[in-house]
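Beneath this line is the structure, given in structure tokens, with notes to follow.
The values are calculated or read from the model by the stated rules, or taken from the named source; none is laboratory data. Please read these numbers as outputs of a predicted model, since none were measured by experiment. FYI the Cβ positions are ideal-geometry reconstructions off the backbone, even for glycines, and counts take in every protein chain you see. When the accessible area is computed, the model is the full protein with side chains, heavy atoms only, and any ligands, DNA or RNA have been set aside. Shrake-Rupley method; radii C 1.70, N 1.55, O 1.52, S 1.80 Å.
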Amino acid sequence: MTTATDQSLRAFLKPYTAKSDLRGGLSFAGTLMVYAAALIGAGLLVGQGAWLLAPPLVLLLAFATVRLYVLQHDCGHYSLFATRWLNDVAGHVLSVFSLTPFRVMQYNHNLHHAYLGNLDHRETTEVYTMTLSEWQAAPWHRRLWYRIYRNPVVMLSLGGIVTYFFAYRWPRNTGRVGAWGVIAHNAVLAGFVALVWATLGWPGVGVLGLSAVIAGVIGVFLVYLQHNFEETYWDRKPDLDFRKATLEGSSSLDLGWLWDLGTGNIAYHDLHHYNPGIPSYNLRRCQNALPDHLKYHDVIRWPEALASFRLKLWDEEAGRLVPFPAARRRRPVARVTAS
């Protein structure tokens, strides 16, 4: 990207970084009310044996959970509210419903922003990606592990459970930001689950757990697509271009208005990485107003999004994400028969 274009994009995005305590508060309170209504409604329905009526509310609860995580993520960037302390307070409150300790999420996510597109720091990019040359040199057991890890069924089903239920509480992560904060978070979370049990019984706890698993699937689906698409960007220093990584290495997903509503507009991830100061409630409006001469790649829609899950390895020579190499079949050896 040329300097002139870079300056033009910066100037265009600046008005969308304006924070509003009113809009942030409405988004915060409104999403929490939807969360509570869906949890109570689904818990009561299951408790009364009306199982067939509960799934829509469980799905709504899952999307509300994802949206609360996105709002917490905004708080980590101090972009949901205009006041810094209000972002901190809201981030800690939201951590109970997102199952994610606020300071751990903030620390890990800031590393993700700092090392985006850096092939020498792939441990911080949330979804690990091997290069094609690494794959070709890897022993069979490492290839097997990576195939299992990158399998969409495994990644989407277990990925969210491992990340949100365990990884954020793992000592290696918690030790970097203070274990006592995570312990306090876990205690409050346990109290919240106990409150759900006391008011809605085991049906309520079951609804809460199932919705959290579904929210994890949605979250991993988004996290994968935000940086795993064919023409994404990776490089090594000193050639690594951080500006290029933020724009070309992050996707712009157009999965529909309802999807954006349920996921807090985080699908416009390129704009977010280029300027993390843009609040989630401004991202969709900013994307729709972006003039053609400032657009640098096409948006990804559902067909391309689903097809992206076949991409597994970064080809450094081709500069693109590619599938696993096709297995070479041995040619049968012709038998020579005696005449």
Item to complete: Please verify whether segment 135-142 includes one or more residues that are part of a helix (DSSP H, G or I) and among the small types (Gly, Ala, Ser).
Response: yes
Worksheet item: Can Arg176 be described as assigned to a helix (DSSP H, G or I), open to solvent by 30 Å² or more (accessible area, probe 1.4 Å), of a type outside the set (A, V, I, L, M, F, W, C) and touching a residue at least 24 places away in the same chain (Cβ under 8 Å)?
Response: yes
Worksheet, complete the sentence: Counting only residues in segment 317-328 that are of a type outside the set (A, V, I, L, M) and farther than 18 Å from Arg150 by Cβ, the one surrounded by the most Cβ atoms within 10 Å (Cβ to Cβ) is identified as Gly319
Worksheet entry | Residue check, Ser8 over 23 Å from the mean Cα position of the chain (by Cα), of a type in the set (S, T, N, Q), in a helix (DSSP H, G or I) and closer than 29 Å to Asn275 by Cα | yes
Fill in: Single residue of Gly41, Gly25 found to be on the phi < 0 side of the Ramachandran plot, assigned to a helix (DSSP H, G or I) and surrounded by fewer than 18 Cβ atoms within 10 Å (Cβ to Cβ)
Gly25
Discussion item. I need the full set of residues from segment 97-132 which are among the hydrophobic types (A, V, I, L, M, F, W, C), in contact with a helix residue (DSSP H, G or I) (Cβ under 6 Å, 6 or more places away or on another chain) and surrounded by fewer than 18 Cβ atoms within 10 Å (Cβ to Cβ), in order please.
Written reply: Leu111, Val127
Discussion item. I want to confirm something. Restricting to segment 241-265 and keeping residues that are in a loop (DSSP other than H, G, I, E, B) and surrounded by 22 or more Cβ atoms within 10 Å (Cβ to Cβ), which single residue is farthest from the chain's Cα centre (by Cα)?
Written reply: Gly249
Worksheet item: Filter segment 273-300 for residues that are at pLDDT below 95 and charged (D, E, K, R); which is surrounded by the most Cβ atoms within 10 Å (Cβ to Cβ)?
Response: Lys295
Worksheet entry | Selection within segment 150-165 - modelled with pLDDT of 95 or more and of a type in the set (Phe, Trp, Tyr) | none
Discussion item. Condition first: open to solvent by 50 Å² or more (accessible area, probe 1.4 Å), among the charged types (D, E, K, R) and in contact (Cβ under 8 Å) with a residue 12 or more places away in the chain. Now tell me which residues in segment 135-168 satisfy that.
Written reply: Arg147
